[in-house]
Amino acid sequence: MTQVCLRNIELSYENTRVLSDVNLTIDAGQFCVFIGPSGCGKSSLLRLIAGLEPVSGGSIEIDGVVINDTPPAERNLAMVFQSYALYPHMTVFDNMAFGLQRKGLPGAEIDRRVAEASQILQLDALLARKPGVLSGGQRQRVAIGRAIVKQPKVFLFDEPLSNLDASLRAQTRFEIAKLHRKVASASMIYVTHDQVEAMTLAEQVVLLRPAAEARGGSSVAQVGTPMALYHHPANLFAARFIGSPGMNLFAATVATLADAAVVLDFEGQPCSALVTPAGLAPGQAVTLGIRPEHVVLGQGPWRATVIHIEALGELSHVHLKFSDQQPILVAKTQNEAIRVGDTLPFGFPPTALHLFDAEGMARRRLARV
């Protein structure tokens, strides 16, 4: 089983810094997802691991061995790209077998590996077909099968589902999750901009931020399990990015401090947040955060006007305006009786609130809804 370590990784193109001070450990057999906005360097980081680009600084280690200068073909990695990159004139079998044939493996061993991969990915009935007659989902499974037959130490996936429609993405996501369970000895590093993929596939999520957001610090905004990033964002960048819609964030002022809570002045009303008060002081400006699903509509000390509703079937995203000085509030609700123009009271449960200091760093939550 293989561990991947990135130590003080830097990447720059001429005078443009793309990645800075990236320190990560991807444990043996772990499914790790790199996620972040466009331009944050997530695909570039994957390409550094694959050896397709040289690092500007730092080291990449696989099982304790530095591989910075190791050619890509000798790193024992397999990469699945966003584009399928299949040979159109070859059958599915030949596409999967081609790399093994180039290595000179015996025919019986090639047949065994292709058969094993095709069974995992349910490609048995397609082995004699050519890519031109396959669907997008089938082509992507062939591309994954071509990686499986190499029996690599590490699988690298670079946004492999981006070209698929919603139903095929869900199906192929399920296939990749099953693949991880079947080849548990190999580590998997997966790049995506899709939060659903990150939340449903990852054992560890690495949230990357653009250089402008890093402000000279690390490109890594937060590392943790999907639920840790969702319920305990470490900073404002993570709070804004993780979740759909993202967290509601508002300006507030610290009123008083208690042992296990902070009382805020929010729009002229007291508001309690069950977070550690360490490092805060009365009168300090802070940012108050709450997920849309935790906003209580119909009761509470504040009032807001409904200005837009996004009806999604199982629930609706209700957009509300309550102050000229504050952003729009977004709430999730199953109440289908709410209409644009309604004025509703709303409230925030103390157990659901997040608090961020002037530097954008989160105070530790002491409870969770």
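No lab work stands behind these numbers, since they all come straight from the coordinates. The model shown is predicted, which means the values in this text are computed figures rather than measured ones. A quick note on method: Cβ atoms are made from the backbone with ideal geometry, for glycine too, and the neighbour counts reach across all protein chains shown.
What is the fewest-to-most order of Lys42, Lys103 by other Cβ atoms lying within 10 Å of their Cβ?
Values: Lys42 25, Lys103 11.
The most exposed by this proxy come first: Lys103, Lys42.
Cα centroids of segment 321-369 and segment 228-258: how far apart, whole angstrom?
With segment 321-369 and segment 228-258 each reduced to a Cα centre, they are spaced 10 Å.
Which residue, chosen from Cys5, His319, Val286, occupies the Cα position most advanced towards the positive end of the dipole of the chain, where the dipole is computed from +1 (Lys, Arg) and -1 (Asp, Glu) charges on Cβ about the Cα centre?
Cys5
I want to check the label-to-label distance for Arg215 and Gln119. Put each point 7 Å from Cα in the C-beta direction and report it in nm to one decimal.
Here the answer is 5.6 nm between the modelled labels.
Rounded if a/c is under 1.5, else prolate if a/b is larger than b/c, else oblate: which is segment 1-99, with a ≥ b ≥ c the root eigenvalues of its Cα gyration tensor? List each step's numbers first, then the result.
Numbers: a/c = 1.95, a/b = 1.50, b/c = 1.30.
In terms of gyration-tensor shape, prolate.
Using the Cα centre as the reference, give the magnitude of the dipole from point charges on the C-beta atoms of the chain (Lys, Arg: +1; Asp, Glu: -1; all else neutral), rounded to the nearest 20 debye. Mind dumping the intermediate values first?
Numbers: 33 positive and 33 negative charges, 145 e Å.
Taking the Cα centre of the chain as origin, the dipole is about 700 debye.
Setting aside same-chain residues fewer than 8 positions from Lys42, which aspartates and glutamates have a Cα under 15 Å from its Cα?
Cα-Cα hits under 15 Å: Glu10, Asp21, Glu53, Asp158, Glu159, Asp194, Glu197, Glu213.
Considering only Cα-Cα distances, which of the following residue pairs are longer than 32 Å: Lys103/Lys182; Lys182/Lys332; Lys130/Lys150? Walk me through the numbers on the way to the answer.
Numbers: Lys103/Lys182 25 Å; Lys182/Lys332 37 Å; Lys130/Lys150 21 Å.
Pairs exceeding the cut-off: Lys182/Lys332.
Whose amide H sits under 5 Å from the amide H of Val206, counting only residues 5 or more places off or on another chain, with H placed in the peptide plane?
HN-HN under 5 Å from Val206: Val33, Phe34, Ile35.
Convex hull over the Cα atoms of segment 245-356, averaged projected area in nm²? Before the final figure, lay out the partial values.
Numbers: hull surface 26.9 nm².
The number I arrive at for segment 245-356 is 6.7 nm².
Quick one: grab the alpha carbon gyration tensor of the chain, order the square roots of its eigenvalues as a ≥ b ≥ c, and give me rounded if a/c is under 1.5, else prolate or oblate depending on whether a/b is larger than b/c. Don't skip to the end; give the middle numbers.
Numbers: a/c = 2.90, a/b = 1.80, b/c = 1.61.
Judged from the Cα gyration tensor, the chain comes out prolate (a/c at least 1.5, a/b above b/c).
Using a simple spin-label model with points 7 Å from Cα along the Cα→Cβ vector, what separation in nm is obtained for His317 and Arg303?
Distance between the two pseudo-spin positions: 2.8 nm.
Using 0.36 nm per residue, how much length does the chain from Leu366 to Glu175 gain when fully extended, once their Cα-Cα distance is taken away?
Values: separation 191, 0.36 × 191 = 68.76 nm, distance 3.76 nm.
Stretched fully, the Leu366-Glu175 segment lengthens by 65.0 nm.
For Gln325 and Asn15, what is the calculated FRET efficiency with R₀ set at 22 Å and r taken between the beta-carbons, to the nearest 0.05? Walk me through the intermediate numbers first.
Numbers: r = 39 Å, r/R0 = 1.77.
With a Förster radius of 22 Å, E is 0.05.
Cut-off is 10 Å between beta-carbons; in what order do Val33, Val220 appear when sorted fewest neighbours first? All intermediate terms of the calculation are to be shown ahead of the outcome.
On the way: Val33 25, Val220 22.
Lowest to highest Cβ neighbour count: Val220, Val33.
Tell me, what is the FRET efficiency for Arg112 and Arg7 to the nearest 0.05, using R0 = 30 angstrom and their Cβ-Cβ distance as r?
Numbers: r = 38 Å, r/R0 = 1.26.
Efficiency at R0 = 30 Å is approximately 0.20.
Fewest to most neighbouring Cβ within 10 Å: what's the order for Cys271, Cys40? Show your work: numbers first, answer last.
Values: Cys271 21, Cys40 25.
So the ranking, lowest neighbour count to highest, is Cys271, Cys40.
For Ala281 paired with Ser244, estimate the spin-label separation in nm (one decimal), with each label point 7 Å from Cα along the Cα-to-Cβ line.
Taking the two extended label points, one gets 4.3 nm.
Restricting to the chain, what percent of DSSP beta bridges are antiparallel, rounded to 5?
On the way: 56 of 74 bridges.
So the antiparallel bridges amount to about 75 percent of the total.
Rounding to the nearest 10 and keeping the result within 0 to 90°, find how far the Cα-based axis of helix 107-120 lies from the longest principal axis of the chain.
The angle comes out at about 30 degrees.
Do you know the relative contact order of segment 307-369, to the nearest whole percent, from alpha carbon pairs under 8 angstrom that are 6+ apart?
On the way: 66 pairs, mean separation 13.5, N = 63.
In percent, rounded to a whole number, it is 21.
Let me know the charge dipole size of segment 172-301 about its Cα centre in debye, to the nearest 20, where only the beta-carbon of Lys, Arg (+1) and Asp, Glu (-1) is charged. Can you show the working numbers first?
On the way: 8 positive and 9 negative charges, 91 e Å.
Computed charge dipole of segment 172-301: roughly 440 debye.
How fast does segment 46-126 diffuse by Stokes-Einstein, in µm²/s, taking the Kirkwood radius from C-alpha pairs at 4 °C and 1.567 mPa s?
87 µm²/s
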